[in-house]
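Shown next, in structure tokens, is the structure this report addresses.
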Amino acid sequence: MLTDIRRAVTMLAVMTLVTGLIYPLVVTGIGATLFPDKAGGSFFERDGKLMASMLIGQPFSDPKHFWSRPSATGPVPYNAGASSGSNQGPLNPALTDAVAGRIRSLRDADPDNAAPVPVDLVTASASGLDPHISPAAAEYQVNRVAKARNLDPQKVSAFIAEFTEGRQLGFLGEPVVNVLGLNLALDARQ
């Protein structure tokens with residue numbers, strides 16, 4: 001019996017060392033070597049002050065900025081400590097009301113825009129932290145942003161094209177636009 005206990009304790013120690021120390025260090029080292037920006041959090045600094053992460057959505061409400069996908073975290077939007085979906089199903093009246101209110105806000109901000117509202121502008125992602133919107137959601141906002149910035153809409157569309165990220169590895173996912181990156185570039189170039 002002592003032999004069995006010794007084997008069990010030895011196995012526990014070995015597995016703890018492998019899975020609790022060696023594996024995390026190897027994965028962290030690979031990530032820091034191959035993807036240093038993302039492994040470090042993709043932080044944006046201005047004047048030496050940490051402003052935001054490019055990997056977590058940010059709230060924007062100014063008409064001159066592109067607006068992010070809604071956040072499901074509450075009461076503070078885009079709170080990484082409260083990451084989760086809304087868990088509201090398609091038949092839930094609260095979801096219907098929230099989507100209707102978001103559509104109304106988008107229509108009020110750009111009354112001349114009669115295009116269908118892209119779904120990612122009125123529904124939260126599964127994490128509630130998504131920093132990206134679809135190119136269609138960005139294009140939907142072009143006229144509002146161009147008018148607020150006194151820019152030609154084609155110039156604003158060119159910014160969207162510049163900040164559209166393609167599919168990962170060329171075939172995974174859909175093209176996306178990082179809202180924070182796009183807004184920072186527009187602010188810097190105007």
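Round to a whole number: what % of the accessible area of the range 61-190 belongs to carbon and sulfur, probe 1.4 Å? The computed percentage sits at 56.
Amide H to amide H distances under 5 Å link A52 with F44, where only residues 5 or more positions off or on other chains count and H is placed in the peptide plane. In a fully extended conformation the segment linking A82 and N150 would gain 20.7 nm over its present Cα-Cα distance, using 0.36 nm per residue. In the chain, with Lys and Arg counted as +1 and Asp and Glu as -1 at Cβ, which of these residues, Y140, Q154, G128, has the Cα nearest the positive end of the dipole, that is, farthest along it? Farthest towards the positive end: G128. Relative to the Cα centre, the charge distribution of the chain, modelled as +1 at Lys and Arg Cβ and -1 at Asp and Glu Cβ, gives a dipole magnitude of about 240 debye.
Compare M54, M11, M1 by solvent-accessible area with a 1.4 Å probe and give them largest first, with all protein chains kept in place.
M1, M11, M54
The solvent-accessible area of L21, taken with every protein chain present and a 1.4 Å probe, is close to 90 Å². Summing Cβ point charges (Lys, Arg +1; Asp, Glu -1) relative to the Cα centre of the range 6-89 gives a dipole of roughly 320 debye. Give the distance, in whole Å, between the Cα centre of the range 138-163 and the Cα centre of the range 14-71. Value for the Cα centre distance between the two parts: 27 Å. Ranked from largest to smallest solvent-accessible area, with a 1.4 Å probe on the protein heavy atoms, I22, I103 come out as I22, I103.
The order of R144, R7 by accessible area, most exposed first and with a 1.4 Å probe, is R7, R144. The residues of the chain present an accessible area of 63 Å² per residue when probed at 1.4 Å with all protein chains retained. Placing pseudo-labels 7 Å out from each Cα toward the beta carbon at T33 and T10 gives an inter-label distance of 3.2 nm.
Seen from N150, the other residues with C-beta closer than 15 Å to its C-beta sum to a net charge of +3, counting Lys and Arg as +1 and Asp and Glu as -1.
The values are calculated or read from the model by the stated rules, or taken from the named source; none is laboratory data. No experiment lies behind these values; they were computed from the predicted model shown. Cβ atoms come from the backbone with ideal geometry, glycine included; neighbour counts cover every protein chain shown. Quick note on the areas: whole protein, heavy atoms, side chains included, nothing else; ligands and nucleic acids left out. Shrake-Rupley method; radii C 1.70, N 1.55, O 1.52, S 1.80 Å.
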